[in-house]
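**Student:** Questions regarding the structure given below will be posed in turn.
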Amino acid sequence: MICPFCKAEIPDNAKFCTSCGRIVPHTDRMQNTEQNFSADGNFANQEYKSSQNNGSDPDLAEVIKRLNSMNVLQIICLVLLFIPFLNIIGGVIFLVILIMSLGLTNKVSAVFSKYGYPMYAKITDGVRSKCIFMLACMLITTIMSFMVSVIDFSKGQDFAIYVLIGFFLILFGMAILFTIYEVYCFCRLYTVKNALEMISIGNRLPEKPGSGAAIIAIVLVLFFFAITILGIIAAIALPAYARYMERARFGEVAAAANGVMRQAELCVAEFGENDIAGRCDNTRAVQGSGWALLAPKDYRTKYVDSISVSAVNADSSRSGHAEITVTSHGVPLHFKGRNADITIIGTVVNDRVTWNVSPDSSCKHLNLC
């Protein structure tokens, strides 16, 4: 059997020529081909000429070379992204890849259109649109980071936390899409590169490219993996966040009690430990020299419902010392409907007050204090 392209002798029914490496037609096509070659050799000359023309096309050679360079950059980028302290370099390389892709995909699409493969050109256009989306994600992330850095969080702790939570949720959602599109583009660029190499050696491509079922499967697996990770993070983070918020709110309740305790100490210093009953109570607003105790409801804030102060002289207390009690009540609405309060008992000895949290405080049972 003779190879119709290089005229070398090859085994019968061989699929490839061992000399030139070309695919060898068989049976009736082979007989017709041999007849054509024996007549004037035009078929082989035309095929060889076509192959030589494709391989010498400067546009085709350029895009293949640039695609090879980009694939190397992609591999380096993926490796660096998973190495601590080097992932910043990987991010910079990825940004360079995205910018390079915008110009390269235009040239690749033009080459496919030139050789009559519009479906492959559409694949390239799809890669370009996804690269634009990823660049937009990076720009949005940069803008949002700048906005978070300049926002005035003095409006309140809740405002700051909600802004940060919203920022990270948006960032995480974009990261999922970013990863999915990155994998898609990575796989599609390999498909495009292989198709261009086939054209360069003179082989015809299927008019309709593969549906990308493997790519879709990979993307779906990544998507469900990301959803699973998100669910795990949510299951851990949301209860922890709720607990953190509850503690932060109760921190304001305790801080308000601390301010009243300082006023109560000044009251004790003014009247002495044997005459504080009825004078250092705030059943009604009272004030003295440099101190004031407001009525319980006058201390009301967003998280504090009221603060009550009561005092007993030494002869009326169980400890044998004068005592002053400050109880700060949290607003139940912000503590899952529970009564969250802290009771602090001050023991007066030699006109000095020693404060201790009462074990009966509900914050003890709620693990808030």
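The values are calculated or read from the model by the stated rules, or taken from the named source; none is laboratory data. What you see is a predicted model, and the numbers here were worked out from it, not measured in a lab. Cβ atoms come from the backbone with ideal geometry, glycine included; neighbour counts cover every protein chain shown. Calculation scope for accessible area: heavy atoms of the full protein, side chains included, ligands and nucleic acids excluded. Shrake-Rupley method; radii C 1.70, N 1.55, O 1.52, S 1.80 Å.
**Student:** Using the Karplus curve 6.51 cos²θ - 1.76 cosθ + 1.60 with θ = phi - 60°, work out ³J(HN,Hα) for each residue of segment 283-291 in order, rounded to whole Hz, and write x for Gly and Pro.
**Tutor:** Karplus values, whole Hz, x for Gly and Pro: 4, 9, 5, 10, 8, x, 7, x, 9.
**Student:** In whole Hz, what ³J(HN,Hα) sequence does segment 97-111 give by Karplus (6.51, -1.76, 1.60; θ = phi - 60°), x for Gly and Pro?
**Tutor:** 4, 4, 5, 4, 5, 4, x, 5, 5, 4, 5, 5, 4, 5, 5
**Student:** Of Ile140, Ile99, which has the most accessible area and how do the rest follow, probe 1.4 Å?
**Tutor:** Output order, biggest surface exposure first: Ile99, Ile140.
**Student:** Of all accessible surface on segment 220-369 at a 1.4 Å probe, what whole percent is carbon and sulfur?
**Tutor:** Reported share for carbon and sulfur atoms: 57 percent.
**Student:** Which value, in Å², gives the accessible area per residue of segment 202-332 when a 1.4 Å probe is used on the protein heavy atoms?
**Tutor:** I get 55 Å² per residue for segment 202-332.
**Student:** First compute the accessible area of segment 67-191 with a 1.4 Å probe, then give the percent of it belonging to carbon and sulfur atoms.
**Tutor:** 79 percent
**Student:** Figure the gain on full extension for Lys297 and Val96 (residue separation times 0.36 nm, minus the Cα-Cα span) and round it to one decimal in nm.
**Tutor:** Full extension of this stretch gives 66.2 nm more.
**Student:** Would you rank Phe186, Phe250, Phe85 by solvent-accessible area, highest first, keeping every protein chain in place and using a 1.4 Å probe?
**Tutor:** Reading off the accessible areas and sorting them downward yields Phe85, Phe186, Phe250.
**Student:** I've got another one for you. Specify which residue in the list Ala285, Pro332, Ala255 is farthest towards the positive end of the charge dipole of segment 230-369, using unit charges on the beta carbon of Lys, Arg (+1) and Asp, Glu (-1), about the Cα centre.
**Tutor:** Sorting the options by dipole projection puts first Pro332.
**Student:** Can you give the accessible area of Arg249, probe radius 1.4 Å, in Å² rounded to 10?
**Tutor:** 50 Å²
**Student:** Can you give me the C-alpha center-to-center distance between segment 159-204 and segment 315-352, rounded to a whole angstrom?
**Tutor:** Spelled out, the Cα-based centre of one part sits 59 Å from the other.
**Student:** Enter the accessible area of Trp355 (Å², nearest 10), with the probe set to 1.4 Å and all protein chains included.
**Tutor:** Around 50 Å² of this residue is reachable by solvent.
**Student:** Taking a ≥ b ≥ c as the square roots of the Cα gyration tensor eigenvalues, with a/c under 1.5 meaning rounded and otherwise prolate when a/b beats b/c, else oblate, which class fits segment 217-342?
**Tutor:** Judged from the Cα gyration tensor, segment 217-342 comes out prolate (a/c at least 1.5, a/b above b/c).
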